[in-house]
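Okay, structure first, notes after.
Since every read-out is calculated from the coordinates, none of them should be taken as a lab result. As the structure is a computational prediction, the values presented were derived from the model and not from experiment. A quick note on method: Cβ atoms are made from the backbone with ideal geometry, for glycine too, and the neighbour counts reach across all protein chains shown.
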Amino acid sequence: MAQANLWDQLWVVGCAQNCAADLESVLANIQALRGLFRRSRLLVLENDSSDATRQLLAAHGQADPALLNWHTDALPSGLRLNPASWRQLSF
C-alpha cells in the first residue's frame with residue numbers, strides 16, 4: 001500500500017568522506033524519508049575520499065535527478081571544522 005504524502009518538501013544536506021561502506025544503507029534510509037514528501041532534494045558535498053564514495057554518489061546522481069552532488073579534491077587549508085559540533089542522524 002502506498003503511503004500518503006504528509007508534507008510538501010524536504011531538503012537533506014550533508015557531507016560525505018570515505019563512507020562508501022555505509023553509503024547504500026544511508027541513501028536507502030533517506031529515500032524512505034523522501035517518500036513522505038511531495039518534493040525532495042538531497043545535496044551532498046563529497047570531499048577528499050580515498051574510497052569509492054565519489055563514484056557511488058555519481059552513480060546515484062545519474063539514476064536520481066533529485067540527488068545533487070558536488071565534490072572537491074581539497075578543502076581550503078584555513079577551513080576549521082569543529083567535529084564536536086557535528087550531529088549524526090541514524091536509523
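Structure above, values below:
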{"quantity": "Pairs, first touching a residue at least 40 places away in the same chain (Cβ under 8 Å) in the range 41-58, second surrounded by 15 or more Cβ atoms within 10 Å (Cβ to Cβ) and part of a strand (DSSP E or B), C-beta under 7 Å, six or more apart", "calculated": "LEU57/ALA16; LEU57/VAL44; LEU57/GLU46; LEU57/ASN69"}
{"quantity": "Matching entry among ALA16, ALA63 (being loosely packed, with under 13 Cβ neighbours inside 10 Å and among the aliphatic types (A, V, I, L, M))", "calculated": "ALA63"}
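To keep it simple, each residue is scored yes or no on (1) of a type in the set (Gly, Ala, Ser); (2) surrounded by 14 or more Cβ atoms within 10 Å (Cβ to Cβ); (3) closer than 15 Å to ASN69 by Cβ; (4) touching a helix residue (DSSP H, G or I) at 6+ places or on another chain (Cβ under 9 Å).
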| site | (1), (2), (3), (4) |
| --- | --- |
| LEU6 | no, no, no, no |
| GLN9 | no, no, no, no |
| LEU27 | no, yes, yes, yes |
| LEU36 | no, no, no, no |
| SER40 | yes, yes, yes, yes |
| ASP48 | no, no, yes, no |
